[in-house]
Amino acid sequence: MDQAPPPAPLAPTPAPNRALLGWLLLVVPAAALLFAYVLPTLDTLTTSMRAETMLGGGESVGGENYSTVLGDTAFGESLALAAGIGLGAAVGGAVIAFLVAWCVHRAGHGVRTAARITAALAAVAFAPAAWALGLLATHFEHLAEDATGPLVPEWSSWVGITGGVVFGTGLLVGLAAFRGAAAGKRARTILAAAGLTAMALTATGLQAFSFSGVTLVEPESPLYHLFRTTFQIGEFGLGAALSILILILLALLGLGAALLFIGARVHFDVSSEPDEPQGFRTGAGIGAIILLALFATGILMRLWPWLSRITEGPAAPYDTATVAADTWGPALVTSVVGFAAALAGAVAIGMLRPLGDHSLWLLLPFAPWLFTGSGPLALSNFAALRDAEEFGTFTASMPRAWIAVPALFLLTALFWGLERRRRAMLAAGATPQAASASLLGAGWPLAALVALAVLVANAQDTYWQAVSGTPDSANAWVAMSAELSGATAYDGSIGTAAAYPLSLLIPFAAAAVAAAVWYLPKIALRTGK
(Lines give C-alpha, C1' and ligand atoms only; values in the text may rest on other atoms or scores of the structure.)
Protein backbone atom coordinates (compact mmCIF):
# COMPACT_ATOMS: atom_id res chain seq x y z
CA MET A 1 0.00 0.00 0.00
CA ASP A 2 1.07 3.60 -0.43
CA GLN A 3 2.46 5.58 2.45
CA ALA A 4 1.53 9.20 3.01
CA PRO A 5 4.33 11.63 2.20
CA PRO A 6 6.56 12.84 5.04
CA PRO A 7 5.28 15.65 7.25
CA ALA A 8 5.48 19.12 5.79
CA PRO A 9 8.69 20.97 6.64
CA LEU A 10 8.95 24.09 8.70
CA ALA A 11 8.82 27.49 7.06
CA PRO A 12 11.37 27.48 4.23
CA THR A 13 12.87 30.90 4.92
CA PRO A 14 16.51 30.26 5.85
CA ALA A 15 18.25 31.81 8.82
CA PRO A 16 20.69 34.55 7.76
CA ASN A 17 23.77 32.58 8.78
CA ARG A 18 22.60 29.46 6.91
CA ALA A 19 21.82 31.52 3.81
CA LEU A 20 25.25 33.16 3.92
CA LEU A 21 26.97 29.80 4.31
CA GLY A 22 24.94 28.51 1.39
CA TRP A 23 26.08 31.35 -0.86
CA LEU A 24 29.69 30.80 0.20
CA LEU A 25 29.49 27.08 -0.55
CA LEU A 26 28.05 27.80 -3.98
CA VAL A 27 31.30 29.53 -4.91
CA VAL A 28 32.96 26.10 -5.14
CA PRO A 29 30.69 24.53 -7.80
CA ALA A 30 30.37 27.87 -9.60
CA ALA A 31 34.15 28.16 -9.95
CA ALA A 32 34.40 24.53 -11.05
CA LEU A 33 31.67 25.08 -13.64
CA LEU A 34 33.46 28.15 -14.96
CA PHE A 35 36.77 26.38 -15.55
CA ALA A 36 35.42 22.97 -16.59
CA TYR A 37 32.58 24.02 -18.87
CA VAL A 38 31.91 27.74 -19.39
CA LEU A 39 35.39 28.87 -20.47
CA PRO A 40 36.01 25.81 -22.70
CA THR A 41 32.61 26.38 -24.32
CA LEU A 42 33.44 30.02 -25.07
CA ASP A 43 36.86 29.00 -26.39
CA THR A 44 35.26 26.38 -28.64
CA LEU A 45 32.76 28.94 -29.90
CA THR A 46 35.59 31.32 -30.79
CA THR A 47 37.53 28.58 -32.61
CA SER A 48 34.41 27.59 -34.55
CA MET A 49 34.48 30.94 -36.34
CA ARG A 50 38.10 30.66 -37.47
CA ALA A 51 39.78 28.70 -40.26
CA GLU A 52 42.06 26.91 -37.83
CA THR A 53 43.79 23.58 -38.40
CA MET A 54 46.17 21.44 -36.40
CA LEU A 55 49.03 23.18 -38.21
CA GLY A 56 47.90 26.68 -37.25
CA GLY A 57 46.09 29.48 -39.03
CA GLY A 58 43.07 31.06 -37.50
CA GLU A 59 41.70 33.87 -39.65
CA SER A 60 38.07 34.69 -39.04
CA VAL A 61 35.55 33.05 -41.39
CA GLY A 62 32.31 33.94 -39.64
CA GLY A 63 29.73 31.19 -40.00
CA GLU A 64 31.43 29.40 -42.89
CA ASN A 65 32.42 26.41 -40.75
CA TYR A 66 28.82 25.95 -39.68
CA SER A 67 27.64 26.04 -43.29
CA THR A 68 30.19 23.37 -44.18
CA VAL A 69 29.20 21.16 -41.27
CA LEU A 70 25.47 21.48 -41.86
CA GLY A 71 25.99 20.56 -45.50
CA ASP A 72 28.04 17.48 -44.60
CA THR A 73 26.09 14.32 -45.40
CA ALA A 74 28.21 12.22 -43.04
CA PHE A 75 27.33 14.46 -40.10
CA GLY A 76 23.65 14.30 -40.97
CA GLU A 77 23.81 10.51 -41.12
CA SER A 78 25.59 10.40 -37.77
CA LEU A 79 22.93 12.59 -36.17
CA ALA A 80 20.16 10.42 -37.61
CA LEU A 81 21.92 7.36 -36.20
CA ALA A 82 22.29 8.99 -32.78
CA ALA A 83 18.64 10.03 -32.81
CA GLY A 84 17.60 6.46 -33.49
CA ILE A 85 19.86 5.06 -30.78
CA GLY A 86 18.79 7.74 -28.30
CA LEU A 87 15.11 7.21 -29.02
CA GLY A 88 15.50 3.46 -28.63
CA ALA A 89 17.32 3.93 -25.33
CA ALA A 90 14.65 6.34 -24.10
CA VAL A 91 11.86 3.89 -24.95
CA GLY A 92 13.74 0.97 -23.43
CA GLY A 93 14.81 2.75 -20.25
CA ALA A 94 11.86 5.07 -19.63
CA VAL A 95 8.90 3.11 -20.98
CA ILE A 96 9.55 -0.63 -21.12
CA ALA A 97 11.74 -0.64 -18.00
CA PHE A 98 9.11 1.36 -16.09
CA LEU A 99 6.39 -1.10 -17.11
CA VAL A 100 8.54 -3.94 -15.84
CA ALA A 101 9.25 -1.92 -12.67
CA TRP A 102 5.50 -1.68 -12.07
CA CYS A 103 5.20 -5.48 -12.25
CA VAL A 104 8.23 -5.91 -10.00
CA HIS A 105 6.93 -3.31 -7.53
CA ARG A 106 3.74 -5.31 -7.07
CA ALA A 107 5.43 -8.73 -7.06
CA GLY A 108 6.70 -8.81 -3.48
CA HIS A 109 9.90 -8.23 -1.54
CA GLY A 110 11.90 -11.16 -2.92
CA VAL A 111 11.27 -10.31 -6.56
CA ARG A 112 12.12 -6.65 -5.97
CA THR A 113 15.40 -7.61 -4.33
CA ALA A 114 16.34 -9.87 -7.23
CA ALA A 115 15.45 -7.11 -9.68
CA ARG A 116 17.55 -4.53 -7.87
CA ILE A 117 20.54 -6.88 -7.72
CA THR A 118 20.31 -7.69 -11.42
CA ALA A 119 19.90 -4.05 -12.42
CA ALA A 120 22.70 -2.85 -10.13
CA LEU A 121 25.13 -5.43 -11.53
CA ALA A 122 24.20 -4.43 -15.07
CA ALA A 123 24.84 -0.77 -14.25
CA VAL A 124 28.17 -1.31 -12.48
CA ALA A 125 29.46 -3.35 -15.44
CA PHE A 126 29.64 -0.18 -17.55
CA ALA A 127 32.73 -0.64 -19.74
CA PRO A 128 32.00 0.58 -23.29
CA ALA A 129 35.51 0.23 -24.72
CA ALA A 130 35.92 -3.28 -23.32
CA TRP A 131 32.45 -4.21 -24.57
CA ALA A 132 33.28 -2.99 -28.06
CA LEU A 133 36.61 -4.80 -28.16
CA GLY A 134 35.09 -8.02 -26.88
CA LEU A 135 32.34 -7.76 -29.47
CA LEU A 136 34.87 -7.15 -32.24
CA ALA A 137 37.05 -10.06 -31.09
CA THR A 138 34.07 -12.41 -31.19
CA HIS A 139 33.24 -11.08 -34.64
CA PHE A 140 36.80 -11.86 -35.75
CA GLU A 141 36.35 -15.44 -34.58
CA HIS A 142 33.17 -15.76 -36.62
CA LEU A 143 34.90 -14.29 -39.66
CA ALA A 144 37.60 -16.94 -39.39
CA GLU A 145 34.87 -19.57 -39.69
CA ASP A 146 32.69 -17.77 -42.23
CA ALA A 147 34.21 -14.96 -44.27
CA THR A 148 30.94 -14.08 -45.99
CA GLY A 149 29.61 -11.90 -43.16
CA PRO A 150 30.16 -8.16 -42.65
CA LEU A 151 33.70 -7.08 -41.86
CA VAL A 152 32.70 -5.38 -38.60
CA PRO A 153 29.80 -5.78 -36.16
CA GLU A 154 26.71 -3.75 -36.93
CA TRP A 155 25.08 -1.10 -34.74
CA SER A 156 22.34 -3.53 -33.74
CA SER A 157 24.96 -5.53 -31.83
CA TRP A 158 25.97 -2.43 -29.89
CA VAL A 159 22.38 -1.55 -29.07
CA GLY A 160 21.97 -5.05 -27.68
CA ILE A 161 25.10 -4.97 -25.54
CA THR A 162 24.26 -1.57 -24.04
CA GLY A 163 20.68 -2.63 -23.35
CA GLY A 164 21.62 -4.02 -19.94
CA VAL A 165 22.76 -0.66 -18.58
CA VAL A 166 19.85 1.15 -20.24
CA PHE A 167 17.21 -1.23 -18.95
CA GLY A 168 18.86 -1.62 -15.54
CA THR A 169 19.03 2.13 -15.02
CA GLY A 170 15.39 2.53 -15.95
CA LEU A 171 14.37 -0.33 -13.68
CA LEU A 172 16.14 1.14 -10.64
CA VAL A 173 14.67 4.60 -11.24
CA GLY A 174 11.24 3.11 -11.86
CA LEU A 175 11.28 1.12 -8.62
CA ALA A 176 12.27 4.23 -6.65
CA ALA A 177 9.50 6.21 -8.35
CA PHE A 178 6.80 3.62 -7.69
CA ARG A 179 7.92 3.41 -4.06
CA GLY A 180 7.66 7.18 -3.67
CA ALA A 181 4.49 7.72 -5.70
CA ALA A 182 2.08 8.81 -2.97
CA ALA A 183 -1.66 8.89 -3.51
CA GLY A 184 -2.62 11.92 -5.59
CA LYS A 185 0.91 12.36 -6.96
CA ARG A 186 1.46 8.99 -8.63
CA ALA A 187 1.14 10.19 -12.24
CA ARG A 188 3.30 13.27 -11.67
CA THR A 189 6.03 11.28 -9.94
CA ILE A 190 6.16 8.52 -12.54
CA LEU A 191 6.08 10.94 -15.46
CA ALA A 192 8.80 13.12 -13.95
CA ALA A 193 11.05 10.12 -13.30
CA ALA A 194 10.43 8.67 -16.76
CA GLY A 195 11.00 12.04 -18.43
CA LEU A 196 14.32 12.61 -16.68
CA THR A 197 15.44 9.07 -17.49
CA ALA A 198 14.48 9.47 -21.15
CA MET A 199 16.40 12.73 -21.55
CA ALA A 200 19.49 11.35 -19.81
CA LEU A 201 19.54 8.24 -22.00
CA THR A 202 18.95 10.29 -25.15
CA ALA A 203 21.93 12.50 -24.30
CA THR A 204 24.05 9.42 -23.62
CA GLY A 205 23.13 7.96 -27.00
CA LEU A 206 24.10 11.21 -28.69
CA GLN A 207 27.61 10.88 -27.22
CA ALA A 208 28.35 7.25 -28.11
CA PHE A 209 32.01 6.91 -29.12
CA SER A 210 33.67 3.60 -28.21
CA PHE A 211 31.88 1.27 -30.61
CA SER A 212 32.41 3.57 -33.59
CA GLY A 213 36.02 4.20 -32.61
CA VAL A 214 36.85 0.51 -32.21
CA THR A 215 35.02 -0.96 -35.20
CA LEU A 216 35.00 2.00 -37.65
CA VAL A 217 31.44 0.97 -38.46
CA GLU A 218 29.41 3.16 -40.79
CA PRO A 219 27.54 5.36 -40.33
CA GLU A 220 29.80 6.64 -37.60
CA SER A 221 28.54 8.19 -34.39
CA PRO A 222 28.47 12.01 -34.04
CA LEU A 223 31.25 11.94 -31.47
CA TYR A 224 33.51 9.76 -33.59
CA HIS A 225 32.79 12.01 -36.57
CA LEU A 226 33.85 14.90 -34.35
CA PHE A 227 37.01 13.05 -33.25
CA ARG A 228 37.96 12.13 -36.82
CA THR A 229 37.38 15.66 -38.11
CA THR A 230 39.27 17.32 -35.27
CA PHE A 231 42.14 15.04 -34.32
CA GLN A 232 42.68 12.79 -37.35
CA ILE A 233 42.02 15.20 -40.22
CA GLY A 234 43.16 18.16 -38.11
CA GLU A 235 40.37 20.60 -38.99
CA PHE A 236 40.06 22.46 -35.70
CA GLY A 237 37.65 25.10 -37.00
CA LEU A 238 35.24 22.52 -38.42
CA GLY A 239 35.66 20.37 -35.32
CA ALA A 240 34.78 23.32 -33.10
CA ALA A 241 31.66 24.00 -35.16
CA LEU A 242 30.65 20.35 -34.80
CA SER A 243 31.27 20.62 -31.06
CA ILE A 244 29.04 23.68 -30.72
CA LEU A 245 26.19 22.02 -32.62
CA ILE A 246 26.41 18.96 -30.36
CA LEU A 247 26.63 21.22 -27.32
CA ILE A 248 23.43 22.99 -28.37
CA LEU A 249 21.56 19.69 -28.53
CA LEU A 250 22.94 18.62 -25.15
CA ALA A 251 22.14 22.02 -23.63
CA LEU A 252 18.53 21.77 -24.77
CA LEU A 253 18.22 18.34 -23.19
CA GLY A 254 19.90 19.58 -20.01
CA LEU A 255 17.68 22.63 -19.71
CA GLY A 256 14.58 20.53 -20.34
CA ALA A 257 15.62 18.05 -17.67
CA ALA A 258 16.43 20.83 -15.20
CA LEU A 259 13.09 22.56 -15.71
CA LEU A 260 11.29 19.26 -15.18
CA PHE A 261 13.42 18.52 -12.10
CA ILE A 262 12.79 21.95 -10.59
CA GLY A 263 9.16 22.25 -11.61
CA ALA A 264 8.23 18.84 -10.22
CA ARG A 265 10.43 19.37 -7.12
CA VAL A 266 12.04 15.97 -7.51
CA HIS A 267 13.67 14.71 -4.33
CA PHE A 268 14.66 11.49 -2.61
CA ASP A 269 13.26 10.23 0.65
CA VAL A 270 15.10 7.59 2.65
CA SER A 271 12.90 5.53 4.93
CA SER A 272 12.83 1.93 6.13
CA GLU A 273 9.05 1.92 6.41
CA PRO A 274 7.50 -0.93 4.37
CA ASP A 275 5.47 1.17 1.93
CA GLU A 276 5.68 -1.44 -0.83
CA PRO A 277 3.62 -4.63 -1.30
CA GLN A 278 5.34 -7.32 0.78
CA GLY A 279 3.58 -10.55 -0.14
CA PHE A 280 4.00 -12.39 -3.43
CA ARG A 281 1.25 -11.60 -5.93
CA THR A 282 0.72 -14.36 -8.43
CA GLY A 283 -0.17 -12.29 -11.50
CA ALA A 284 2.45 -9.58 -11.21
CA GLY A 285 4.94 -11.94 -9.56
CA ILE A 286 5.01 -14.58 -12.29
CA GLY A 287 5.20 -11.95 -15.00
CA ALA A 288 8.01 -10.13 -13.19
CA ILE A 289 9.99 -13.35 -12.67
CA ILE A 290 9.74 -14.26 -16.35
CA LEU A 291 10.78 -10.76 -17.43
CA LEU A 292 13.69 -10.67 -14.99
CA ALA A 293 14.88 -14.09 -16.14
CA LEU A 294 14.84 -12.90 -19.74
CA PHE A 295 16.62 -9.70 -18.72
CA ALA A 296 19.38 -11.51 -16.80
CA THR A 297 19.85 -14.08 -19.56
CA GLY A 298 20.02 -11.37 -22.19
CA ILE A 299 22.62 -9.41 -20.21
CA LEU A 300 24.81 -12.49 -19.75
CA MET A 301 24.62 -13.42 -23.42
CA ARG A 302 25.30 -9.91 -24.64
CA LEU A 303 28.20 -9.32 -22.25
CA TRP A 304 29.76 -12.74 -22.78
CA PRO A 305 32.21 -11.52 -25.47
CA TRP A 306 33.61 -9.21 -22.79
CA LEU A 307 33.21 -11.48 -19.77
CA SER A 308 34.95 -14.38 -21.53
CA ARG A 309 38.04 -12.19 -22.02
CA ILE A 310 37.94 -10.25 -18.78
CA THR A 311 41.13 -11.87 -17.46
CA GLU A 312 43.10 -11.30 -20.68
CA GLY A 313 45.47 -8.37 -20.34
CA PRO A 314 46.92 -6.17 -23.07
CA ALA A 315 49.75 -7.29 -25.30
CA ALA A 316 53.38 -6.29 -24.70
CA PRO A 317 54.81 -3.80 -23.94
CA TYR A 318 51.82 -3.00 -21.75
CA ASP A 319 50.67 -4.81 -18.63
CA THR A 320 47.30 -4.74 -16.91
CA ALA A 321 48.49 -3.18 -13.63
CA THR A 322 50.30 -0.26 -15.26
CA VAL A 323 47.53 0.45 -17.74
CA ALA A 324 44.90 0.26 -14.99
CA ALA A 325 46.91 2.70 -12.87
CA ASP A 326 47.27 5.11 -15.80
CA THR A 327 43.52 4.85 -16.43
CA TRP A 328 41.92 4.75 -13.00
CA GLY A 329 44.46 6.92 -11.16
CA PRO A 330 43.76 10.12 -13.13
CA ALA A 331 40.05 9.30 -13.11
CA LEU A 332 40.14 9.02 -9.33
CA VAL A 333 41.64 12.49 -8.94
CA THR A 334 39.05 14.04 -11.24
CA SER A 335 36.28 12.14 -9.46
CA VAL A 336 37.35 13.36 -6.02
CA VAL A 337 37.47 16.97 -7.19
CA GLY A 338 34.28 16.76 -9.24
CA PHE A 339 32.32 14.96 -6.54
CA ALA A 340 33.51 17.38 -3.84
CA ALA A 341 32.37 20.36 -5.92
CA ALA A 342 29.01 18.70 -6.56
CA LEU A 343 28.64 17.85 -2.88
CA ALA A 344 29.32 21.44 -1.84
CA GLY A 345 26.69 22.70 -4.25
CA ALA A 346 24.15 20.09 -3.18
CA VAL A 347 24.59 20.93 0.50
CA ALA A 348 24.20 24.63 -0.30
CA ILE A 349 21.07 24.21 -2.43
CA GLY A 350 19.43 21.20 -0.80
CA MET A 351 20.12 21.88 2.89
CA LEU A 352 21.12 25.50 3.44
CA ARG A 353 18.71 26.84 0.78
CA PRO A 354 19.91 30.46 0.37
CA LEU A 355 16.78 31.29 -1.65
CA GLY A 356 14.48 29.42 0.67
CA ASP A 357 11.90 27.25 -1.06
CA HIS A 358 13.04 28.64 -4.42
CA SER A 359 16.63 27.44 -4.04
CA LEU A 360 16.24 24.67 -6.62
CA TRP A 361 16.36 27.38 -9.28
CA LEU A 362 20.04 27.79 -8.42
CA LEU A 363 20.58 24.57 -10.40
CA LEU A 364 19.57 26.28 -13.64
CA PRO A 365 23.01 27.80 -14.47
CA PHE A 366 24.45 24.27 -14.40
CA ALA A 367 21.72 22.81 -16.61
CA PRO A 368 23.23 23.45 -20.09
CA TRP A 369 26.11 21.13 -19.17
CA LEU A 370 24.07 18.57 -17.21
CA PHE A 371 24.60 15.89 -19.87
CA THR A 372 27.83 17.16 -21.46
CA GLY A 373 30.66 14.66 -21.60
CA SER A 374 34.28 15.30 -22.52
CA GLY A 375 33.85 15.05 -26.30
CA PRO A 376 32.35 18.43 -27.26
CA LEU A 377 34.88 20.32 -25.11
CA ALA A 378 37.92 18.15 -25.86
CA LEU A 379 39.35 20.50 -28.48
CA SER A 380 39.63 23.39 -26.03
CA ASN A 381 41.19 21.14 -23.39
CA PHE A 382 43.54 19.61 -25.97
CA ALA A 383 44.73 23.08 -27.01
CA ALA A 384 45.36 23.99 -23.37
CA LEU A 385 47.47 20.86 -22.86
CA ARG A 386 49.37 21.51 -26.08
CA ASP A 387 50.15 25.08 -25.12
CA ALA A 388 51.28 23.98 -21.66
CA GLU A 389 53.34 21.09 -23.12
CA GLU A 390 51.78 18.66 -20.66
CA PHE A 391 51.08 15.69 -22.92
CA GLY A 392 52.29 12.40 -21.46
CA THR A 393 51.92 13.59 -17.86
CA PHE A 394 49.58 12.37 -15.15
CA THR A 395 47.81 15.72 -15.20
CA ALA A 396 47.04 15.42 -18.89
CA SER A 397 45.36 12.05 -18.35
CA MET A 398 42.83 13.45 -15.90
CA PRO A 399 39.34 13.99 -17.39
CA ARG A 400 38.40 17.66 -17.26
CA ALA A 401 35.07 17.31 -15.42
CA TRP A 402 36.01 19.39 -12.37
CA ILE A 403 32.40 19.27 -11.27
CA ALA A 404 30.16 16.24 -11.79
CA VAL A 405 26.99 18.09 -12.81
CA PRO A 406 24.74 14.98 -12.80
CA ALA A 407 25.98 14.25 -9.28
CA LEU A 408 25.05 17.82 -8.28
CA PHE A 409 21.44 17.20 -9.30
CA LEU A 410 21.25 13.75 -7.67
CA LEU A 411 22.80 14.92 -4.41
CA THR A 412 20.59 18.00 -4.34
CA ALA A 413 17.55 15.74 -4.65
CA LEU A 414 18.90 13.67 -1.76
CA PHE A 415 19.64 16.60 0.55
CA TRP A 416 16.39 18.35 -0.32
CA GLY A 417 14.45 15.35 0.91
CA LEU A 418 16.64 14.81 3.96
CA GLU A 419 16.38 18.47 4.96
CA ARG A 420 12.59 18.17 4.91
CA ARG A 421 12.85 15.28 7.35
CA ARG A 422 15.34 17.11 9.55
CA ARG A 423 12.97 20.07 9.86
CA ALA A 424 10.06 17.75 10.57
CA MET A 425 12.08 16.04 13.33
CA LEU A 426 12.93 19.40 14.88
CA ALA A 427 9.26 20.37 14.78
CA ALA A 428 8.43 17.09 16.54
CA GLY A 429 10.84 17.90 19.39
CA ALA A 430 14.05 16.15 18.34
CA THR A 431 17.36 17.76 19.24
CA PRO A 432 19.42 19.34 16.43
CA GLN A 433 22.14 16.77 17.04
CA ALA A 434 19.73 13.85 16.69
CA ALA A 435 18.16 15.31 13.55
CA SER A 436 21.55 15.91 11.92
CA ALA A 437 22.76 12.43 12.86
CA SER A 438 19.65 10.93 11.29
CA LEU A 439 20.26 12.92 8.11
CA LEU A 440 23.89 11.78 7.89
CA GLY A 441 23.06 8.14 8.52
CA ALA A 442 20.34 8.10 5.89
CA GLY A 443 22.25 9.99 3.23
CA TRP A 444 25.83 8.77 3.16
CA PRO A 445 25.20 5.44 1.37
CA LEU A 446 23.51 7.11 -1.60
CA ALA A 447 26.24 9.74 -1.70
CA ALA A 448 28.82 6.93 -1.78
CA LEU A 449 26.96 5.22 -4.64
CA VAL A 450 26.93 8.49 -6.60
CA ALA A 451 30.67 8.88 -5.98
CA LEU A 452 31.25 5.34 -7.27
CA ALA A 453 29.21 6.09 -10.39
CA VAL A 454 31.26 9.24 -11.00
CA LEU A 455 34.51 7.26 -10.72
CA VAL A 456 33.37 4.53 -13.12
CA ALA A 457 32.13 7.11 -15.62
CA ASN A 458 35.43 9.03 -15.54
CA ALA A 459 37.48 5.85 -15.84
CA GLN A 460 35.43 4.82 -18.89
CA ASP A 461 35.79 8.23 -20.56
CA THR A 462 37.27 6.75 -23.72
CA TYR A 463 37.07 9.99 -25.71
CA TRP A 464 39.44 11.81 -23.39
CA GLN A 465 41.65 8.73 -23.20
CA ALA A 466 41.91 8.77 -27.00
CA VAL A 467 42.78 12.48 -26.99
CA SER A 468 45.25 12.55 -24.09
CA GLY A 469 46.87 9.11 -24.20
CA THR A 470 50.41 8.55 -25.49
CA PRO A 471 52.45 5.36 -26.03
CA ASP A 472 54.61 6.28 -23.03
CA SER A 473 51.61 6.98 -20.79
CA ALA A 474 49.18 4.37 -22.02
CA ASN A 475 45.67 4.36 -20.68
CA ALA A 476 43.20 1.57 -21.44
CA TRP A 477 42.17 3.04 -24.80
CA VAL A 478 45.76 3.36 -26.03
CA ALA A 479 46.75 -0.14 -24.88
CA MET A 480 43.71 -1.87 -26.34
CA SER A 481 43.89 0.12 -29.57
CA ALA A 482 47.53 -0.86 -30.01
CA GLU A 483 46.61 -4.50 -29.56
CA LEU A 484 43.69 -4.16 -31.95
CA SER A 485 45.94 -2.75 -34.68
CA GLY A 486 47.93 -5.98 -34.58
CA ALA A 487 44.94 -8.32 -34.53
CA THR A 488 44.98 -8.99 -38.25
CA ALA A 489 44.68 -12.76 -38.05
CA TYR A 490 41.05 -12.61 -36.92
CA ASP A 491 41.83 -15.03 -34.11
CA GLY A 492 39.86 -13.11 -31.49
CA SER A 493 42.85 -12.85 -29.13
CA ILE A 494 42.17 -9.36 -27.81
CA GLY A 495 42.45 -8.72 -24.08
CA THR A 496 39.93 -6.45 -22.37
CA ALA A 497 41.15 -6.58 -18.76
CA ALA A 498 42.93 -3.24 -19.01
CA ALA A 499 39.69 -1.27 -19.23
CA TYR A 500 38.01 -2.74 -16.16
CA PRO A 501 40.29 -5.11 -14.19
CA LEU A 502 38.72 -7.77 -11.99
CA SER A 503 40.47 -6.28 -8.96
CA LEU A 504 38.09 -3.32 -9.31
CA LEU A 505 35.05 -4.94 -10.88
CA ILE A 506 34.60 -7.50 -8.09
CA PRO A 507 34.54 -5.04 -5.14
CA PHE A 508 32.39 -2.61 -7.13
CA ALA A 509 29.95 -5.41 -7.92
CA ALA A 510 29.91 -6.45 -4.26
CA ALA A 511 29.12 -2.88 -3.23
CA ALA A 512 26.33 -2.73 -5.80
CA VAL A 513 24.80 -5.97 -4.52
CA ALA A 514 25.02 -4.79 -0.90
CA ALA A 515 23.31 -1.54 -1.82
CA ALA A 516 20.61 -3.40 -3.76
CA VAL A 517 19.84 -5.62 -0.78
CA TRP A 518 20.11 -3.24 2.18
CA TYR A 519 19.86 0.36 0.96
CA LEU A 520 18.10 0.84 -2.37
CA PRO A 521 14.84 -0.60 -0.96
CA LYS A 522 14.76 2.45 1.34
CA ILE A 523 15.03 4.98 -1.50
CA ALA A 524 11.84 6.64 -2.69
CA LEU A 525 11.72 9.21 -5.47
CA ARG A 526 9.07 11.82 -4.69
CA THR A 527 7.78 15.05 -6.18
CA GLY A 528 6.11 18.13 -4.74
CA LYS A 529 6.62 19.98 -1.49
Next on the checklist: I need the full set of residues from the range 17-42 which are within 28 Å of the chain's Cα centre (by Cα), more than 19 Å from Phe371 (Cβ to Cβ) and not hydrophobic (A, V, I, L, M, F, W, C), in order please.
Outcome noted: Gly22
Next on the checklist: Checking the conditions here, which among Ala342, Ala321, Ala325 is in a helix (DSSP H, G or I), surrounded by 18 or more Cβ atoms within 10 Å (Cβ to Cβ) and of a type in the set (Gly, Ala, Ser)?
Outcome noted: Ala342
Checklist outcome for this item: Val100 vs (1) closer than 24 Å to Ala515 by Cα; (2) in a helix (DSSP H, G or I); (3) out of contact with any Leu (no Cβ under 6 Å at 6 or more places or on another chain); (4) not acidic (Asp, Glu): all pass except (3)
Next on the checklist: Tell me whether the range 415-433 contains one or more residues that are of a type outside the set (Gly, Ala, Ser), over 21 Å from Ile244 (Cα atoms) and part of a loop (DSSP other than H, G, I, E, B).
Outcome noted: yes
Checklist entry - Of the numbered conditions (1) more than 19 Å from the chain's Cα centre (by Cα); (2) modelled with pLDDT of 80 or more, Glu141 satisfies every one except a single condition; which is it? => result (2)
Checklist entry - Within the range 424-437, is even one residue crowded, with 20+ Cβ neighbours inside 10 Å and closer than 30 Å to Ala367 by Cβ? => result no
Checklist entry - Do we find that Ala324 is under 25 Å from the mean Cα position of the chain (by Cα), of a type in the set (Gly, Ala, Ser) and more than 18 Å from Leu505 (Cβ to Cβ) in this structure? => result no
Checklist entry - Quick one: in the range 389-414, which of the residues that are among the small types (Gly, Ala, Ser), in contact with a helix residue (DSSP H, G or I) (Cβ under 8 Å, 6 or more places away or on another chain) and assigned to a loop (DSSP other than H, G, I, E, B) is nearest to Ala448 (Cα to Cα)? => result Ala404
Checklist entry - What do you reckon, is Leu364 touching a residue at least 12 places away in the same chain (Cβ under 8 Å) and crowded, with 20+ Cβ neighbours inside 10 Å? => result no
Next on the checklist: When you check Leu446 against the structure, is it touching a residue at least 60 places away in the same chain (Cβ under 8 Å), within 17 Å of the chain's Cα centre (by Cα), buried (at least 18 other Cβ atoms within 10 Å of the Cβ) and over 30 Å from Asn381 (Cβ atoms), yes or no?
Outcome noted: yes
Next on the checklist: Tell me the residue from Gly298, Gly392, Gly375, Gly313 that is in contact with a Phe, Trp or Tyr (Cβ under 9 Å, 6 or more places away or on another chain), in contact (Cβ under 8 Å) with a residue 60 or more places away in the chain and within 28 Å of Ala466 (Cα to Cα), please.
Outcome noted: Gly375
Checklist entry - Does the range 117-139 contain at least one residue that is of a type in the set (Ser, Thr, Tyr) and in contact with a Ser or Thr (Cβ under 9 Å, 6 or more places away or on another chain)? => result yes
Checklist entry - Out of all the residues in the range 270-277, is one or more among the acidic types (Asp, Glu), at pLDDT below 95, touching a Gly at 6+ places or on another chain (Cβ under 9 Å) and not in a loop (DSSP other than H, G, I, E, B)? => result no
Next on the checklist: Please go through the range 225-248 and give me each residue that is more than 19 Å from Gly71 (Cβ to Cβ) and either without any contact (Cβ under 8 Å) to a residue 40 or more places away in the chain or β-branched (Val, Ile, Thr) (or both), ordered by number.
Outcome noted: Gln232
Checklist entry - Going by the structure shown, is Tyr500 assigned to a loop (DSSP other than H, G, I, E, B) and surrounded by 22 or more Cβ atoms within 10 Å (Cβ to Cβ)? => result yes
Checklist entry - Got at least one residue in the range 52-65 being in a helix (DSSP H, G or I), surrounded by 15 or more Cβ atoms within 10 Å (Cβ to Cβ) and either touching a residue at least 40 places away in the same chain (Cβ under 8 Å) or within 25 Å of the chain's Cα centre (by Cα) (or both)? => result yes
Checklist entry - Quick one: how many residues across the range 218-230 are touching a Leu at 6+ places or on another chain (Cβ under 9 Å) and part of a loop (DSSP other than H, G, I, E, B)? => result 3
Next on the checklist: Just checking, does the range 110-118 include any residue being touching a residue at least 12 places away in the same chain (Cβ under 8 Å), surrounded by fewer than 15 Cβ atoms within 10 Å (Cβ to Cβ) and farther than 30 Å from Ser503 by Cα?
Outcome noted: no
Checklist entry - For Gly287, are the conditions met, namely being out of contact with any His (no Cβ under 6 Å at 6 or more places or on another chain), part of a helix (DSSP H, G or I) and at pLDDT 85 or above? => result no
Checklist entry - List, please: which pairs have Cβ atoms under 6 Å, are six or more places apart or on different chains, and start with a residue in the range 182-201 that is more than 19 Å from Ala83 (Cβ to Cβ) and end with one that is among the acidic types (Asp, Glu)? => result Ala182/Asp2; Ala183/Asp2
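The values are calculated or read from the model by the stated rules, or taken from the named source; none is laboratory data. Keep in mind it's a predicted model, so treat the numbers as computed, not measured. Positions of Cβ are generated from backbone atoms using ideal geometry, with glycine treated the same way; all protein chains shown enter the neighbour counts.
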